[in-house]
Amino acid sequence: MFSTQADYMESGPEKIYSLKAGAPSTRLRQECADLIQKATLSLHKLDQCPDAFMYGADPGSSVFRQEVAKFLTEQYGDPVNHEDLWTNAGASQGLAFIGSFLFQPGDVVFVEEPAYYIGLRALRDDLAMKVIGIPSDNDGIIVEELEKLIMQHSDKLRPPKEKKPYSAMLYCVPTFNNPTGSILPTERCKKVIELLRKHNILAFCDDVYNLLSYTDDRPPPQRLFAFDDKSNADYKGNVISNGSFSKFLAPGLRLGWMEVPERVRKVLKTSAYASSGGCFNHYISCIVAVALQEGLVKDHLLMVRRVFHSQLNALCDALIKYIPGQFSYQKPKGGYFVWVTFPPDVDCDKLYQICREKYFVEFNNGSRFAASPGKFKNCMRLSFAYNECDIIEHCVKQIAMALKELLNG
């Protein structure tokens, strides 16, 4: 049986309202369902429809990659070459594929802190890599700290091999960061590229929120991939941009893309896993290619941005209105999340328990986003994507009551 939003949130006799979920709401997923139905019917009328049920090309169908490249070029305001694209089965599969194919257990991965907690688990537990946290501020990675850490762990960087050409990985979310919402500024992007080239490190960027920009009609900040300029004399290809349709269409599609440099593509083409699968999600990619051709995805994205922007405003307004005592947050210009920081004596792990058990609301406690234990216990990540504005306000009011209870001890 398919689970519903209510199934997802209910626990015992009381309904748990969640500001945890990083996914579109039920209403937006229904809009996506209608879009996919239209595109599916169009695909099935085409003479090429039987090809959608065959193994696809390893990097994905050329039609899909060309349509994605045109779409991204328009949305980014920055050129995207379809030859750089490799279809994935969602951003998580992209990380698993690159992490397992280009790296090996024990390899070093530098991770900005706070970091997406499931990304941390994948790197540390699934891929058995050595995770090293990088301090960050309101603008993302502190590049000088990254440089210090690279030098400090230089003896652990692996010599490159033919099929594993990088000595280490940098895992980051440079644009509309998860969990903080930060944007890595241009000057820092340039300095990061210098370090990547100098020390033969691959930046794997989870660019899944880039298209969710709430600054009117202006394009989003340039992705780190764009700063790894192919025209530079010292260019080698040190950045992967890992994108997904999950955040603005639906996660159940399990479809995304990676922009990868040529030296990575050469290695990926030797993968038996990719070759045997014949594109990781061929049929759905054919449907989405039609949806892109018919302008359905563009229209849907515009609608989704308006909805998320409204919900972001509702969350921030509720924080100011209801949360007692001192706290701080940086209102993001895009993405899904607001990162809230309380004074050091506020334990959000304890607050979470009170919220869930007594006030029937949940959030992501900050300690989950630490690469090493003991950090960010006074922080929380709140998602504004999953709920309508009235539910968001209700959740914040409940958190405020739980916080008063915690502070009054």
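The values are calculated or read from the model by the stated rules, or taken from the named source; none is laboratory data. The model shown is predicted, which means the values in this text are computed figures rather than measured ones. Methodologically, a virtual Cβ is constructed for each residue, glycine included, from the backbone with ideal geometry; neighbour enumeration extends over all protein chains shown. When the accessible area is computed, the model is the full protein with side chains, heavy atoms only, and any ligands, DNA or RNA have been set aside. Shrake-Rupley method; radii C 1.70, N 1.55, O 1.52, S 1.80 Å.
Numbers for the structure displayed
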item	result
Rounded accessible area per residue of segment 60-114, 1.4 Å, Å²	30
Alpha carbon centroid spacing (whole Å) that separates segment 58-124 from segment 203-269	7
Segment 208-327, accessible surface, carbon-and-sulfur percent (1.4 angstrom probe)	50
Of Val108, Val267, Val290, the one that fluctuates the most in a GNM where the chain has Cα springs shorter than 10 Å	Val267
Percent RCO, i.e. relative contact order, over the chain, from Cα pairs under 8 Å lying at least 6 residues apart	24
Cα centroid of segment 355-395 to Cα centroid of segment 300-324, whole Å	15
Å² of accessible area per residue within segment 334-409, as computed with a 1.4 Å probe and no ligands counted	40
Surface share of carbon and sulfur [accessible, 1.4 angstrom probe, percent] for segment 1-153	51
Summed residue charge, Cβ within 11 Å of Phe363's Cβ, Lys/Arg positive, Asp/Glu negative	+3
Of Ala291, Ala233, Ala314, the one that fluctuates the most in a GNM where the chain has Cα springs shorter than 10 Å	Ala233
Spin-label model distance (nm) - Glu162 vs Asp137, 7 Å beyond Cα toward Cβ	4.6
Ellipticity estimate at 222 nm from DSSP helix runs (n ≥ 4, -39,500 (n - 2.57)) divided over the chain, nearest 500	-12500 deg cm²/dmol
Antiparallel content of DSSP bridges confined to the chain, in %, to 5	55
Of Gln104, Gln37, Gln326, the one that fluctuates the most in a GNM where the chain has Cα springs shorter than 10 Å	Gln326
Per residue accessible area in Å² of segment 212-331, where ligands, DNA and RNA are left out and the probe is 1.4 Å	42
In nm, spacing of pseudo-spin labels at Lys230 and Phe53 (7 Å Cα→C-beta vector)	3.7
Length added when fully stretched, Lys70-Ser372, from 0.36 nm per residue minus Cα-Cα	104.6 nm
